[in-house]
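Working notes, beginning with the structure itself.
The values are calculated or read from the model by the stated rules, or taken from the named source; none is laboratory data. Predicted model, so just to flag it, every value in this text is computed and none were measured. Here the Cβ positions follow ideal geometry from the backbone for every residue, glycine too, while neighbour counts run over all protein chains shown. Just the protein is used for accessible areas: all its heavy atoms, side chains included, with ligands, DNA and RNA removed. Shrake-Rupley method; radii C 1.70, N 1.55, O 1.52, S 1.80 Å.
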Amino acid sequence: MSPSFSVGEQGMVRILLRFSERIVEEPIVSQIVLELKVLINIITAHVNSKGGEVLAEVPDESLDKIIKAFRKRGATVSLPKLIEVDAEKCVCCGACVALCPVEAITIDEDASIIFNKEKCVGSTCGVCVDACPARAIKSVKQNNSEPVANKKH
Ligand code: SF4
Ligand code: SF4
């Protein structure tokens, strides 16, 4: 059995939000959900009094307006890369399984690996990419990342 191959729901885009110490206490995500009436799924959040980093999934069709709204409020927005596994190259050594911090990769009964795209946090982690001895795992840009990634605010 082959590993599965990518991260991210169909029609959804993953964005990485960074909040400075100045704005981290503000309920910015809630404000934007209410203001734009959009769905924002929080995948991971690391927040303390010095600032915060949030990985979220948002609808592709609302991506531009969501990014503008976050940037208007002072947040930094980028699009993390996604993870892909080449089943032809995978030798099922298990190195990625042991290292994955969120158990996104597991071993099947037949010793092949199972990749859970929902759990994987993409290039914000990327540990498995460097660990794979067969170079079977790589991080790739999201389809629509170019226009967003090039904007600086
Ligand atoms: S990128 Fe990180 S979270 Fe995703 S599968 Fe690899 S080790 Fe796990
Ligand atoms: S580290 Fe690479 S070769 Fe080993 S199981 Fe994971 S994808 Fe396959």
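The residue that is farthest from ligand 1 (Cβ to nearest atom), counting only those in the range 84-121 that are among the small types (Gly, Ala, Ser) and at pLDDT below 90, is Ala111. Taking the range 70-118 as the range and being surrounded by fewer than 20 Cβ atoms within 10 Å (Cβ to Cβ) and part of a helix (DSSP H, G or I) as the test, the residues that pass are Arg71, Lys72, Ala95, Val97, Ala98, Leu99. Cβ separations smaller than 7 Å between residues 6+ apart or across chains give the following pairs from the range 22-50 residues that are closer than 16 Å to Gly74 by Cβ to residues that are among the hydrophobic types (A, V, I, L, M, F, W, C) and open to solvent by 70 Å² or more (accessible area, probe 1.4 Å): Val24/Val47. Kindly establish whether Asp108 is out of contact with any Ser or Thr (no Cβ under 6 Å at 6 or more places or on another chain), near ligand 2 (Cβ under 9 Å from one of its atoms) and over 25 Å from Val54 (Cα atoms). No.
Just to be sure, is Ile67 outside any loop (DSSP other than H, G, I, E, B), more than 9 Å from ligand 1 (Cβ to nearest atom) and among the hydrophobic types (A, V, I, L, M, F, W, C)? Taking the combined requirement at face value, the residue satisfies it.
For the range 123-153, enumerate the residues that are near ligand 1 (Cβ under 9 Å from one of its atoms), modelled with pLDDT of 90 or more and under 26 Å from Arg71 (Cα atoms). Within the range 123-153, Cys125, Gly126, Ser139 qualify. The single condition among (1) open to solvent by less than 10 Å² (accessible area, probe 1.4 Å); (2) over 19 Å from the mean Cα position of the chain (by Cα) that Leu63 does not satisfy is (2).
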